[in-house]
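Written below as structure tokens is the structure these notes are about.
What follows draws every value from the coordinates through simple rules; no lab data is involved. Here the structure is a predicted model, which means the values were calculated and not measured. Here the Cβ positions follow ideal geometry from the backbone for every residue, glycine too, while neighbour counts run over all protein chains shown.
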Amino acid sequence: MRIIGGAHRGRALASVGKGDAAAHLRPTSDRVRESLFNVLAGGYGDPVTGAQVLDVFAGTGALGLEALSRGAASVSFIENGRKALSLLRQNIGLCRAEDQVRVFPVDARKPGRNSGAPHSLVFLDPPYGKGLGEEALAATLVGGWIAEEALIVWEESAAITPPEGLRLIEERRYGDTVIRFLERV
């Protein structure tokens, strides 16, 4: 696993091998991450540069760190898995990004109130097929984590039901992975 583009292009990140089933770690592959950021740059008017990014179910942090490498202003990571937090902190160190990130070691379904600015770009990569994405998005909306007119990128293999206030714009399939783009309305 590595950073694909931007200031940290080519930087290797801590690896979980083929994933950690017990910790529900299933990092987005380099190929899918590259395709995702190409779609963002080409079809969404570059929502990354200068963005306040929220990475929910952050895992290793690869999505948020990729955004930071490509010009995001800051990233807030929400993750509560012990193994994932260890890898996330290691990857933040590898990218020397400590001053640009905040790590919230909380349950994504109960993040509480956001004490900072709301986020304009949200990555959501919950464990597949458990319905956790809906719960986490609803909680982050109520908690003031997501800005008006934010773009949400939701990675999930199963069908989804966007919470009220979000509209599905597009979806793309990459093997077993489906990436959906939603906007806050």
Dipole of the range 84-185 [Lys/Arg +1, Asp/Glu -1 at C-beta], most positive-end residue of A136, V101, G175: V101
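Once you sort the root eigenvalues of the Cα gyration tensor of the range 115-167 as a ≥ b ≥ c, which label holds: rounded (a/c under 1.5), prolate (a/b larger than b/c) or oblate (the other case)?
Details: a/c = 1.89, a/b = 1.84, b/c = 1.02.
Judged from the Cα gyration tensor, the range 115-167 comes out prolate (a/c at least 1.5, a/b above b/c).
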Highest-MSF residue in the chain out of A117, A62, A51 [GNM, Cα springs under 10 Å]: A117
Viscosity 0.890 mPa s, 25 °C: Kirkwood-radius Stokes-Einstein D of the range 48-184 over Cα pairs, µm²/s: 167 µm²/s
Pair-distance profile P(r), taking every C-alpha pair of the range 53-92, with 5 angstrom steps and integer %: 7, 30, 34, 21, 7, 2
Cα-based Rg / Dmax (Å) for the range 139-185: 11.1, 33
Sites matching chymotrypsin sites (Phe, Trp or Tyr not before Pro) across the range 58-133 that sit in DSSP coil, with at most 16 neighbouring C-beta atoms within 10 Å: Y128
³J(HN,Hα), Karplus 6.51/-1.76/1.60, whole Hz, each residue of the range 125-142, x for Gly, Pro: 9, x, x, 5, x, 10, x, 6, x, 4, 5, 5, 5, 4, 5, 6, 5, 4
